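For reference, the structure discussed in these notes is given below.
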Amino acid sequence: MKNGLVLEGGGFRGLFTSAVLDVMMERGIRFDGLVGVSAGALFGVNFKSHQIGRGLRYNLRFKDTPEYMGWRALLATGNIVGPRFAYHVVPFELDPVDAETFRTDPTEFWAVCTDIVSGGPVYHQLTEITHESIEWLRASASMPLVSTPVALDGRLLLDGGMVDSIPLEAFQRMGYERNVVILTQPAGFRKQHTGRNWLFRTVYRKYPLVASIMERRHEMYNRQLDLLAEAEKNGEVLVIRPDEPLDIGRTETNGIRMQAVYAAGLAIARRMMERVESCFYVFDFQ
């Protein structure tokens, strides 16, 4: 029976996830596989590379760098997160991912993207850290309207959360029967319809399925929450979530709020680790 870790996205709400992962690493908790969506995939990299604290560290360090994130990056590149600086300069030069540890760690790592031509999800396994694999992470986290599609493997890709925000079902189909799911919204949250379908039809007129996807995205997400609640009630999954809404925007770079979201994750993770350890294998963390 394989143990899995499922990480939803949420932009800088993902610092909550990053904190939970850091506590898991401190406690020596490992999983057979991990699947991440958007920010979940980005922060999940540090779990497979065994780099405690890296997620908060590089975001605090570069949050005010124009090439990293924000409107100046969007105007210069068409992406609110700078494709070159954030995804290639930072992880390879300024705060490197431990590529050797990532490669040798046995945890299977999957990132979720959306194919904007077919309208379906793409589940891509990353086995090492290369410039191409980082592009898969960029695709997974490329939010619609503020990102250009990423061309990979003959596909045009955007944020995986558009079609599979909480990929528990997909992971179960891969054989992961016991799962921990880390959410970045509190219990009782329900996604609302955005009402911006006209904008998606205009921006993605060449890819009409994008508007259809976004029109129904709240239905998909809320259905996944319902399935997750049923699985949680049946003891099939353990869910870790914030106690209350996290006070930060998806791309907000307020350092105080970033640290507060991370601190909230630390507190909840420390409170719940005994439950995690009672359900899942614990290994010496080297």
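The label-point distance for GLU177 and ASP95, in a model that sets each label 7 Å from Cα toward Cβ, rounds to 3.9 nm. Our summary gives segment 1-154 a relative contact order of 24 percent, counting only alpha carbon pairs under 8 angstrom and 6 or more residues apart.
Taking a quarter of the surface of the convex hull around the Cα atoms of segment 128-263, what do you get in nm²? Could you put the intermediate results ahead of the total?
On the way: hull surface 41.4 nm².
Mean projected area for segment 128-263: 10.4 nm², to one decimal.
Just checking the listed ones, LEU199, LEU145, LEU42: in the Gaussian network model of the chain with Cα springs under 10 Å, the one fluctuating most is LEU199. When each full DSSP H helix of the chain is screened for a Cα extent of at least 24 Å along its own axis and an average Kyte-Doolittle hydropathy of at least -1.0, the helices passing are 209-233, 255-279.
The residues TRP198, TRP110, TRP71, sorted by heavy-atom accessible surface at 1.4 Å with ligands and nucleic acids left out, run TRP71, TRP198, TRP110 from largest to smallest.
Extents of the chain, taken as max minus min of Cα coordinates on every principal axis and listed largest first, are 51, 42, 36 Å.
For the chain, the relative contact order is 28 percent, taking Cα pairs closer than 8 Å that sit 6 or more residues apart in sequence and dividing their mean separation by the residue count.
Within segment 185-251, the ratio Rg/Rh, alpha carbon atoms throughout and Rh by Kirkwood, equals 1.09. Net charge dipole, segment 141-267: roughly 580 debye, given to the nearest 20, about the Cα centre with Cβ charges of +1 for Lys and Arg and -1 for Asp and Glu. FRET efficiency for the pair CYS279 and ALA170, taken as 1/(1 + (r/R0)^6) with r the Cβ-Cβ distance and R0 = 25 Å, rounds to 0.75.
Could you sort the peptides 175-182, 26-33 by per-residue average Cβ neighbour count (10 Å cutoff), highest mean leading?
Highest to lowest by the protection proxy: 175-182, 26-33.
Taking +1 at the Cβ of each Lys and Arg and -1 at the Cβ of each Asp and Glu, which of THR148, ALA111, TYR123 sits farthest along the dipole of segment 101-198 towards its positive end, judged by Cα position relative to the Cα centre? Comparing the listed Cα positions along the dipole, THR148 ranks first. Around the amide H of LYS2, modelled in the peptide plane, lie the amide H atoms of GLU177, ARG178, all under 5 Å away and 5 or more residues distant in sequence or on another chain.
Scanning residues 5 or more positions from LEU34 or on other chains, those with amide H under 5 Å from its amide H are LEU5, GLU108, PHE109, TRP110, with H placed 1.01 Å from N in the peptide plane.
Accessible surface for HIS124 stands near 50 Å², nearest 10, in the context of the full protein assembly shown (1.4 Å probe).
Once the dipole of segment 23-91 is set up with Lys and Arg at +1 and Asp and Glu at -1 on Cβ about the Cα centre, which of LEU60, GLY44, LEU74 lies farthest towards its positive end? Final value for the positive-end residue is LEU60.
Here the Karplus curve 6.51 cos²θ - 1.76 cosθ + 1.60, taken at θ = phi - 60°, turns the phi angles of segment 66-73 into couplings of x, 6, 7, 7, x, 5, 5, 5 Hz, with x standing for Gly and Pro. Across segment 89-135, counting alpha-carbon atoms alone, Rg and Dmax equal 12.9, 36 Å.
The alpha-carbon atoms of segment 1-68, seen along their principal axes, cover 46, 22, 17 angstrom, with the largest extent given first.
Within the accessible area of the chain, what % is carbon and sulfur when the probe is 1.4 Å and the other protein chains stay in place?
Within the chain, the accessible surface is 51 percent carbon and sulfur.
Distance between the C-alpha centres of segment 87-143 and segment 154-208: 17 Å, rounded to the whole angstrom. A straight Cα-to-Cα reach below 26 Å connects LYS63 with the lysines LYS48, residues fewer than 8 places away in its own chain not being considered.
Whole number in Å², please: accessible area per residue of segment 1-121, 1.4 Å probe, ligands, DNA and RNA not counted.
33
Taking each DSSP H run with n ≥ 4 as -39500 (n - 2.57) and averaging over every residue of the chain yields -12500 deg cm²/dmol at 222 nm. For the peptides 167-174, 187-194, the ranking by mean Cβ contacts within 10 Å, running from highest to lowest, is 167-174, 187-194. A 1.4 Å probe, protein heavy atoms only, puts the accessible area of ASP247 near 100 Å². In plain terms, the bigger the Kirkwood radius, the slower the diffusion; for segment 18-103, with that radius from Cα pairs, at 4 °C and 1.567 mPa s, Stokes-Einstein puts D at 95 µm²/s. Charging the Cβ of each Asp and Glu at -1 and of each Lys and Arg at +1, and nothing else, the dipole of the chain about its Cα centre rounds to 840 debye.
If you wrap the Cα atoms of segment 217-286 in a convex hull and average its projected area over all directions, you get 7.1 nm².
The values are calculated or read from the model by the stated rules, or taken from the named source; none is laboratory data. Just so it is clear, the structure is predicted and the values come from calculations on it, not from any experiment. Neighbour counts are summed over all protein chains in view; Cβ atoms, including those assigned to glycine, are modelled from backbone coordinates with ideal geometry. In case anyone asks, the SASA skips ligands and DNA or RNA and just uses the protein heavy atoms, side chains included. Shrake-Rupley method; radii C 1.70, N 1.55, O 1.52, S 1.80 Å.
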